[in-house]
Structures are given as structure tokens and as C-alpha cells.
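Written below as C-alpha cells is the structure these notes are about.
The values are calculated or read from the model by the stated rules, or taken from the named source; none is laboratory data. Since we're looking at a predicted model, the values are computed, not measured. So basically every Cβ, Gly included, is an ideal-geometry build from the backbone, and we count neighbours across all protein chains shown. Areas reflect the complete protein model, heavy atoms only, side chains present, ligands, DNA and RNA absent. Shrake-Rupley method; radii C 1.70, N 1.55, O 1.52, S 1.80 Å.
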Amino acid sequence: MDAQFAIVGKSFAISVTDKGVAHSIVKMKHNADKTCELTPHTLMSVTGVPGDTSNFSEYIQGNVRLYGIRNSQNLSPSETASFIRGELANSLRTRRPRQVNLLVMGYDKNTNESSLYWIDYLSAIAKVPFAAHGHCSYFVLSVMDREYKPDITLEQGFDIIKKCIAAVKMRFPINFTDYTIKVVDSDGVREVSMADI
């Protein structure tokens, strides 16, 4: 039971993930960060089987950082998403495919634009203006579809996020107590508290 969604504007991306980790009916953890900073301007949020999510995110983070060290430049968000998609596709051909769903977002300093990529466990990829994974997607996608405009500001993005969290709180039978909210823009990746939005 994960909640993961994101929205992108012209020069920013906002990622929201719940902080809970559950196994069956037991809540194992209530303060988990399900995001992974790949480069100073690229963020990946991961949901799925707990072992696969931590293993795969560490593997991707290590390889993206190794590329940056070897080539003296970081991958752009689109290049990072393509690399991740290739690794998931290779994983499908093994005896133990990884059960992870990802949202990759970032700010490209070359084009001065932000982007968001939706990737599922079957290595399907799509560049989208907003996205969600998990059971919360039944509720938040309709809110984002109604409220989203291509030229939204960061404050308008936060308003949409607040409406999404309110929809999940009102309609979803499982109560997500807290969320990790991160913003990616020209200044890099930063965490924002619920009180600040």
C-alpha cells in the first residue's frame, strides 16, 4: 500500500511519497524516505516490494554517480530515465525480475526545463506532466487532471498537491499519516514540510 505521485511545471517538479512501509497487515516503518537523489538535479521515487525497491534504487544511484565520475558530467533526467528503463527491461529477462514502479523527475540545466517520467515494473516508460503509482492513483489522477495547466507556478503546484492529499485522506480507507514532499528545480533537490505548502 504505497502512495506515490508527482507533478511537473515549466521549471520545477514536485514529488510526494508516503512514509509508511507495510507487510501484510503490519506497519513495519513509519518514517521511510522512498525517494533517491540520483544527481543534484534528478530525483527518483520508488514503490513496490521492499527488498526490490531498496536494492534497485541503490544499484541505479551507484551507476548514475559512477557515470558522472567517469565522464565528468551528470546524466540529464531523460538520459537517466532511459538508463533505468533499460535496466528494468534487462531484469525482466532474468529469473528474478524486479517488482518496482518509479517516477523519475528532474531539471535539465541545458534546456532549462523540468520533466517527469512514469516507469512501471514491466519497463514501460512515458514522459508525462503528472503521474501516480499505487492505490492512491485512483484518487489523485482525477484531481491532477482537473487542476493541471502546463504553465503552473510552484505555489499552484503545491495547491494541487494539497488537494491530492486531501482526496486520499477523505476517500482512501488506509490512513497515510505523513508524506515526504520534495521539489526539484534549478537550485537542486530540496525537501519541503507539509506545514510549508
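Quick notes on this one:
- For the chain, the solvent-accessible area of protein heavy atoms averages 52 Å² per residue (probe radius 1.4 Å; ligands and nucleic acids excluded).
- Translational diffusion coefficient (Stokes-Einstein; Kirkwood radius from C-alpha pairs) of the chain at 10 °C, 1.306 mPa s, in µm²/s: 94 µm²/s
- Placing Thr180, Thr94 in order of accessible area, with the largest value first and a 1.4 Å probe, yields Thr94, Thr180.
- The chain: most fluctuating residue of Met170, Met44, Met144 per GNM, C-alpha cutoff 10 Å: Met170
- This model, with +1 at the C-beta of Lys and Arg and -1 at the C-beta of Asp and Glu, gives segment 1-149 a dipole about its Cα centre of some 240 debye.
- Accessible-area composition of the chain, carbon plus sulfur, in percent [1.4 Å probe]: 50 percent
- Cross-link pairs exceeding 30 Å between alpha carbons, from the set Lys34/Lys149; Lys109/Lys182; Lys27/Lys109: Lys27/Lys109.
- Pairwise Cα separations in segment 127-179 fall into 5 Å bins from 0 onward with the following percentages, short to long: 4, 20, 32, 24, 13, 6, 1.
- Selected from Asp33, Asp178, Asp187 as most flexible by GNM, with the chain as the system and alpha-carbon contacts under 10 Å: Asp187
- Sorted largest first by accessible area at a 1.4 angstrom probe radius, with every protein chain in place, the residues Arg171, Arg93, Arg65 fall in the order Arg93, Arg171, Arg65.
- When the surface is traced with a 1.4 Å probe over the full set of protein chains, Glu58 keeps roughly 120 Å² accessible.
- Relative contact order for the chain, counting Cα pairs under 8 Å that sit 6 or more residues apart, in percent: 30 percent
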